[in-house]
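> Take a look at this one; I'll ask things after.
Derivation of every value follows stated rules applied to the coordinates shown; laboratory data play no part. All values reported here derive from a predicted model rather than from experimental measurement. Virtual Cβ from ideal backbone geometry, glycine too; neighbours counted across all protein chains shown.
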Amino acid sequence: MKNDFITLSQLNGLIQEVFEMNFIEDIWLVAEIAELRVAGAGHCYLELVEKKGEKIVARIRANIWSYQYQRIANDFYAATGSKLQKGMKVLLSIGVSYHALYGISLVVKNIDTNYSLGDLERRKKEILEQLVKENLLDRNRALNLELVPKRIAVISSETAAGFGDFMNQIENNENSYISKIELFKSIMQGDTLGSSIVGALIKIHERLNEFDCVVIIRGGGASLDLAGFDNYDLAKAVARFPLPVITGVGHERDDTVIDHVSYQKVKTPTAAADFILSKFSDFESYFEGLREGLIYFTKERVTRNKNLVKNLSFSLKNSTQKKVEYERLKLNKIESELPHKGRAFLKGNSSKLLEFGNKIAKGQAVLVARENQKINLLKQRLIFTPKKFLSNKRSEIGIHNKTLKLLHPDNVLNRGYALVYKANSIVTKSRKLQEGDEIKVKMKDGIIKSKIIKNGE
């Protein structure tokens, strides 16, 4: 039987001596919080891990005693705007000890908040650099947004205040613009935020032709609360999405990775609604200007053509009358000179008078017929030319009338718009309606009679 052995308590004593010799002072430790639990007595129990990629390579438990925890938690929240929670990478000041009965003990004395914020910025910078290398930073921004983005897929939490603000702004806009909104629910905070939003994007992609754009919205929060939006896989999914993506995450001061790759970043959910409504307003202004310009152009063209026809008709009539008068005078002159010339010719050539008598008579008849033919031709031209000109101008006016008919409200209704009437008058502003007013909503396939229950102006 061997005598060179030691007892368990002796081994633990040796281990304790090693710890006491090497961990005389507190040390700073970098680790990720894998689990966090606050007990009823106010003590906080942590499980700390170190990862390489997604693989855990080290794990240990630690605790923060209640008299320290309140101070540390309050200081951390004041500096970062977020509570200590699972998934955070932190720099801890700890004391290390060993007890013969309870083993290794890590007691947290303090947490360096600057490290947590700096780590967040470092990760964000690395993700952005990777997206630049893959030419993804401006990919979604290069897409074309519909002139009137009416069909909107919204990714948000159903109970989030930001989603309520967005819907209120869309539904109660002063110009009564109508949009089709569909919510795709997603977690907007925590470790699974990125995968949850990517899942919502996949669902939208399956129905891509039903939407004009995607809006990702979340109300304000602390910097660390928004850390989930600084996710490479999420940013890549947004950048490569085939529809324009509008992001309204946090406050104006906040800046997440997906803001850099989206089609348009806005400061709040309400601002996201305003951005979409501005597209409606811009199109309405453009359409109104086009309509007014077309009406003005048509009126001006018709007036100009009327004056042109009038002037041409007068000119043709005047020139024709002058031509007829000129030819008539020529005939009268010829007719008056013929007897005198005939007598002179008869005297000088009496022998040939009989020979040319009949020729002269025939020549006079032919000449008169020829001139009459010219006069008739001129009369026909006078009649035909104005008619042809008027016919051409009527065709042009008909084209303009067809264009105006295309802009008629009935055709606008066929494209999905609606007209609101009150007492047979079109209503253009919601403030013109009061509670109790009866209205008619005219759409493509009929008229709906309604009554105003509440005006949300």
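> Which value in nm describes the separation of the simple spin-label points at Ala365 and Lys454, placed 7 Å from the Cα toward the beta carbon?
Taking the simple label geometry, Ala365 and Lys454 are separated by 10.3 nm.
> Using +1 at the C-beta of Lys and Arg and -1 at the C-beta of Asp and Glu, which of Trp65, Met88, Met21 has the Cα lying farthest in the positive direction of the dipole of segment 8-111?
Selected residue: Met88.
> Can you pick out the pairs among Lys299/Lys429; Lys203/Lys265; Lys180/Lys402; Lys322/Lys388; Lys83/Lys236; Lys310/Lys333 whose Cα atoms lie more than 25 Å from each other?
Violating the 25 Å Cα-Cα cut-off are Lys299/Lys429; Lys180/Lys402; Lys83/Lys236; Lys310/Lys333.
> To test your reading of the geometry: what angle, between 0 and 90 degrees and rounded to tens, separates the Cα axis of helix 8-22 from the longest principal axis of the chain?
Around 60 degrees separate the two axes.
> Could I ask something else about it? With label points built 7 Å along Cα→Cβ from the Cα atoms of Leu413 and Arg71, find their separation and express it in nm.
7.5
> While we're on this one: Kindly give Rg over Rh for segment 122-267, based on alpha-carbon atoms, with the Kirkwood expression for the hydrodynamic radius.
Reported Rg/Rh, Kirkwood definition of Rh: 0.95.
> May I ask for the percentage of alpha-carbon pairs in the chain that lie more than 33 Å from each other?
Every Cα pair in the chain considered, those over 33 Å come to 65 percent.
> With no solvent and one point on each alpha carbon, what is the Debye value of log10 I(q)/I(0) for segment 8-111 at q = 0.17 Å⁻¹?
Taking Cα atoms of segment 8-111 as identical point scatterers yields -0.85.
> Okay, next question. What list do you get for Ile426, Ile72 if you sort them by fewest beta carbons within 10 Å?
In increasing order of surrounding Cβ atoms, one gets Ile426, Ile72.
> Give me Thr192, Thr268 sorted ascending by neighbouring Cβ count inside 10 Å, so fewest comes first.
So the ranking, lowest neighbour count to highest, is Thr192, Thr268.
> Using alpha carbons only, how many degrees (0 to 90, rounded to 10) separate the axis of helix 161-171 from the longest principal axis of the chain?
10
> What 222 nm value per residue comes from the helices of the chain, counting each DSSP H run with n ≥ 4 as -39,500 (n - 2.57) and dividing by all residues, nearest 500 deg cm²/dmol?
It lands at -17500 deg cm²/dmol.
> I would also like to ask the following. Just need the Rg to Rh number for segment 52-209, please, alpha carbons only, Kirkwood Rh.
Ratio of gyration radius to Kirkwood radius for segment 52-209: 1.11.
> Additional query: Give, in nm to one decimal, the length gained when the segment between Lys185 and Ala344 is fully stretched (0.36 nm per residue of separation minus the Cα-Cα distance).
45.5 nm
> Quick one: Asp4, Asp112, Asp165, Asp75, fewest Cβ neighbours within 10 Å first, how do they rank?
Fewest to most other Cβ atoms nearby, the residues stand as Asp4, Asp75, Asp112, Asp165.
> Let me ask you something else. Going by average Cβ neighbours within 10 Å, how do the peptides 181-187, 257-263 rank, with the highest at the top?
257-263, 181-187
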